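What follows is a set of notes on a single structure, which appears directly below.
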Amino acid sequence: MVSTHTPPDEAAPNMGRHMDLRKRHTVTALAAMALVVSGAGTGSAASTADVVNTFENQATGGCLDSSYVNANRTNGCGTPEQNWNVHKYNDGTVELRAITNWDFCLGHDGIALRMQYCDNSQGQSWIVKHWLDHTIRFENQQAAGYCIDDNQIQGMRLMPCSSATYQSWY
């Protein structure tokens, strides 16, 4: 049975081993927002808003991993290939760029979810849904209604968006 998110009036933060990870992401995001609001830093407001994050799947515990160019996957957490530069566009979508190979972004090419040369296309643009339990879901802008889904049997791919924890990331 696939678990889903609790309705908003019943939602409670997940306590446990992910709390420190969520705190780190929150602190990083708040620090980046402070730079943008204060005007500190160099470059444009968009570049100062970029943050580096690691994304762990709520259901599988695997981290989004960029180590395979054409067969993106999740893997145990803790390697440099699991660090992503998150660039937020003016329309609110985000680009996920591999830190270990700056030329590659996570995208959907119309056939599959894979690492691609970054090109600012809608296939590499992700709509972020924030859940009350402090997890997020990534919906592809080009393949509207399809989200990054990871399970231990079929691996990572795009599936119709749902509230399943396979589509939920810390």
What is the calculated FRET efficiency for N90 to Q152, with r their C-beta to C-beta distance and R₀ = 35 Å, to the nearest 0.05?
0.40
Scalar couplings 3J(HN,Hα) for the stretch 93-108 by Karplus 6.51 cos²θ - 1.76 cosθ + 1.60 (θ = phi - 60°), nearest whole Hz, x for Gly and Pro, are 6, 10, 10, 10, 10, 5, 5, 7, 9, 4, 6, 10, 10, 7, x, 10
For H108, H134, what's the fewest-to-most ordering of other Cβ within 10 Å of each Cβ?
H134, H108
Of all chymotrypsin sites (Phe, Trp or Tyr not before Pro) in the stretch 88-158, the ones in DSSP coil with at most 14 other Cβ atoms within 10 Å are Y89, W102
Using 16 Å as the cut-off for backbone N distance, which residues of the stretch 138-170 belong to the label zone defined by a point 7 Å from the Cα of L132 along Cα→Cβ?
163-164
Karplus ³J(HN,Hα) for the stretch 79-84 (6.51 cos²θ - 1.76 cosθ + 1.60, θ = phi - 60°; Hz, whole; x = Gly/Pro) runs 9, x, 5, 9, 9, 10
Pulled fully out, how much extra length does the chain show between A144 and I99, if you take 0.36 nm times their separation in residues and subtract their Cα-Cα distance?
13.6 nm
Report the equivalent ellipsoid semi-axes for the stretch 94-155 in whole Å, largest first, defined as the square roots of five times the eigenvalues of the gyration tensor built from alpha carbon atoms.
19, 14, 13
Compute the signed sum of charges (Lys and Arg +1, Asp and Glu -1) over the other residues within less than 13 Å, Cβ to Cβ, of N75.
-3
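Read the figures in this text as sums done on the coordinates, not as results from a lab. Predicted model, so just to flag it, every value in this text is computed and none were measured. Every residue, glycine as well, gets a Cβ built from its backbone with ideal geometry; the counts of neighbours run over all protein chains shown.
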